[in-house]
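A.B. asks: Got a structure for you, written out below as structure tokens; questions coming shortly.
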Amino acid sequence: MKTISREDLKELYDKDFPLWAEINLELLKERAYELVDWENLLEEIEDMAQRHLDACISYLAVILEHLYKWDNFRSMTRAGGERGGLGWIKSVENARLDIWALLEKYPSLRAKLPSQIEMAWIDAKKEIVKSSHELGLSLSIKDLPEACPYTYEEAMTRDLMKE
């Protein structure tokens with residue numbers, strides 16, 4: 001393998017990420033630890049660890065968005081004449097399945113996800129506001145509760161089909 005300086009390797013991180021990763025892998029295999037771009041490598045490992053939690057938070061936001069719409073707008077007619085409800089239920093169920101699959105695959109996320117409900121609520125509020133025009137509304141973030149109105153347990157277990 002051609003020798004590369006740490007400075008050149010750090011530059012490569014922004015210019016050609018796949019090559020940067022290949023070179024760092026080779027350096028690790030060769031135990032040339034002094035040449036490894038540790039700063040960016042550690043950041044990438046941290047991002048990898050966060051990626052699956054971020055996916056769970058995103059699915060949780062979908063659940064919260066549709067629970068809120070169910071509770072507050074289900075009697076309203078959406079653009080196109082369709083009443084809100086069944087699509088929201090299906091969306092909640094699908095998002096729960098996606099979360100459960102990730103929790104099965106990565107059990108350490110079970111302890112982390114419940115504490116992220118407020119983060120998910122921020123994303124859910126944004127989507128509620130964006131889609132409010134479909135219901136003939138013009139909502140802003142200020143029109144929605146600041147704190148999440150649902151518990152994690154409720155988000156993951158509430159059975160909308162029985163309501």
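Bear in mind these aren't lab numbers, they're just calculated from the coordinates by the rules spelled out. Source: prediction; values computed, not measured. Cβ sites come from the backbone with ideal geometry, for glycine too, and all protein chains shown count toward neighbours.
A.B. asks: If you take the alpha carbon radius of gyration of the chain and divide it by 2.2 N^0.38 Å, what ratio comes out, to two decimals?
C.D. replies: 1.45
A.B. asks: Now for a different question. Which length gain, in nm to one decimal place, applies between D16 and S58 when the Cα-Cα distance is subtracted from 0.36 nm times their residue separation?
C.D. replies: Full extension from D16 to S58 adds 12.2 nm.
A.B. asks: With a point put 7 Å past each Cα toward its Cβ, work out how far L25 is from E153 in nm, to one decimal.
C.D. replies: Inter-label distance under the simple model: 4.5 nm.
A.B. asks: What does the helix-only formula give at 222 nm for the chain: each DSSP H stretch with n ≥ 4 adding -39500 (n - 2.57), the total divided by the residues, and the result rounded to the nearest 500 deg cm²/dmol?
C.D. replies: Result for the chain, helices only: -21000 deg cm²/dmol.
A.B. asks: Now for a different question. Could you list, in their original order, any pairs among K10/K105; K69/K126; K90/K125; K69/K125; K90/K162 whose Cα atoms are separated by more than 21 Å?
C.D. replies: In this structure, K10/K105 exceed 21 Å between Cα atoms.
A.B. asks: What shape does the range 117-163 take by its C-alpha gyration tensor, where a ≥ b ≥ c are the square roots of the eigenvalues and a/c under 1.5 counts as rounded, a/b above b/c as prolate, and the rest as oblate?
C.D. replies: Oblate.
A.B. asks: Could you calculate the FRET efficiency of R51 with M76 from 1/(1 + (r/R0)^6), where r is the beta carbon distance between them and R0 is 35 Å, rounded to 0.05?
C.D. replies: 0.45
A.B. asks: Rounded to the nearest 10 degrees, what's the angle between the helix 117-131 long axis and the longest principal axis of the chain, both from Cα atoms, 0 to 90?
C.D. replies: 60
A.B. asks: Between helix 6-15 and the chain, what is the angle of the helix's C-alpha long axis to the longest principal axis, kept within 0 to 90° and rounded to the nearest 10?
C.D. replies: 40
A.B. asks: What order do you get for 56-65, 7-16 when each peptide is scored by the mean count of other beta carbon atoms within 10 Å, highest first?
C.D. replies: Highest-to-lowest ranking by the protection proxy: 56-65, 7-16.
A.B. asks: Is there a quick way to get the dipole size of the chain? I mean about its Cα centre, with the Cβ of Lys and Arg at +1 and of Asp and Glu at -1; what is the value in debye to the nearest 20?
C.D. replies: 860
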